[in-house]
Every structure is written in C-alpha cells, then in structure tokens.
Amino acid sequence: MRERTDVRFKRFSRVSLLRLVGITLLGILTLQVLTAAVILVIAALGKQRKHEVSFPHEPFKEVQVGENVLKLYSYGRELFDAMLEAIDTAQESIYLETYIWKDDAVGQEFQEHLARKAEEGVAVYVIFDSFGNLVVPRTFKSSFHPAMHVLEYHAIRRPWQLLDPRR
C-alpha cells in the first residue's frame with residue numbers, strides 16, 4: 001500500500017510543479033502585456049495634450065575670438081537653419097560630424113542640401129555614429145549622394161570588445 005501512495009505523491013508533485021511553472025509564466029506574460037498597454041495609453045494621452053507654449057530660449061551674443069566668431073545656439077531650429085545656410089554658402093569643402101541623424105524632415109533636409117553641394121563640386125565629408133542611429137532605417141543610411149564621402153562610425157564592432165582592457 002505504501003508504494004502506491006509514493007507513486008501517487010510523485011505524480012501529484014510533478015503535476016503541481018508543472019502547473020505552478022505554467023501559472024507563473026502566464027502571470028509574467030500578463031504583467032508584460034498590461035505594462036505595454038499602460039505605456040501605450042500614457043503615450044497616447046501625452047500626444048493628445050499638445051502644449052501651446054514653447055520652451056523659452058534666449059539668444060546668445062556672438063563672441064569674437066581673434067579672427068573667428070563664436071556663436072552659441074539655445075534653440076535647435078535656429079541652429080539647423082544656420083547650419084543649412086553655412087552648407088549652402090560653402091565653396092570648397094563641408095565637414096559634418098553628428099551622433100544622431102534621423103530619417104525625419106530635418107534629416108532629409110540636411111541630406112538634400114549636402115547632396116546639392118556635392119553635385120556642385122564641393123567636397124562633402126560626413127561621419128555619423130552607428131550606435132546612435134540603430135533605429136534609423138538602413139535605406140536612409142545608404143541613400144546618400146555618391147559624390148559624398150560618408151563614414152558610419154562603429155565604436156563597438158563586437159560586444160566582447162566592451163570587456164577588452166586594451167581598448
């Protein structure tokens with residue numbers, strides 16, 4: 001009689017363990033789905049509330065340093081407009097280094113201005129970070145004008161390089 005009880009106990013414990021694991025996994029999955037749903041709702045509500053008041057920005061004065069002029073910008077659109085103007089007035093060469101170059105209206109505008117100058121014979125050199133542009137579509141990264149010199153900088157080529165003390 002005792003052997004029969006042991007067999008039932010083993011079978012019962014196996015079933016209970018599988019059921020416990022299943023319930024745990026189902027609970028984790030449910031929490032993930034609920035978390036994603038809450039994040040989506042919060043993001044949607046945030047987009048509905050457009051702020052009419054823009055962030056205050058104060059223009060800085062230009063500073064003369066020898067023969068050079070230093071201009072600081074506190075507002076992105078003003079900086080982009082000045083950069084595009086500098087690109088359009090370039091006659092010999094353009095060097096542009098950036099961390100993030102998105103495939104949005106501003107990024108495409110920069111790409112168009114640089115391509116136009118490259119077609120005019122201006123030497124255009126561009127370097128951007130591969131890690132900072134992981135979410136940018138590959139089609140955008142490969143759509144630069146052929147006359148432009150483009151380099152996608154790879155700071156980390158392989159994950160194990162992070163652990164290399166010689167780096």
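Quick notes on this one:
- Here Y99 does not fit the description of being of a type outside the set (G, A, S), under 14 Å from L151 (Cβ atoms) and modelled with pLDDT of 95 or more.
- The stretch 73-106, subset farther than 16 Å from Y125 by Cα and small (G, A, S), residue nearest to the chain's Cα centre (by Cα): A105
- Taking the numbered list (1) modelled with pLDDT of 90 or more; (2) more than 22 Å from F110 (Cβ to Cβ); (3) under 24 Å from the mean Cα position of the chain (by Cα) in turn, F55 passes all entries but (1).
The values are calculated or read from the model by the stated rules, or taken from the named source; none is laboratory data. Here the structure is a predicted model, which is why all the values come from computation and not from measurement. As a convention, Cβ positions derive from the backbone with ideal geometry for all residues, glycine included, and neighbour counts pool all protein chains shown.
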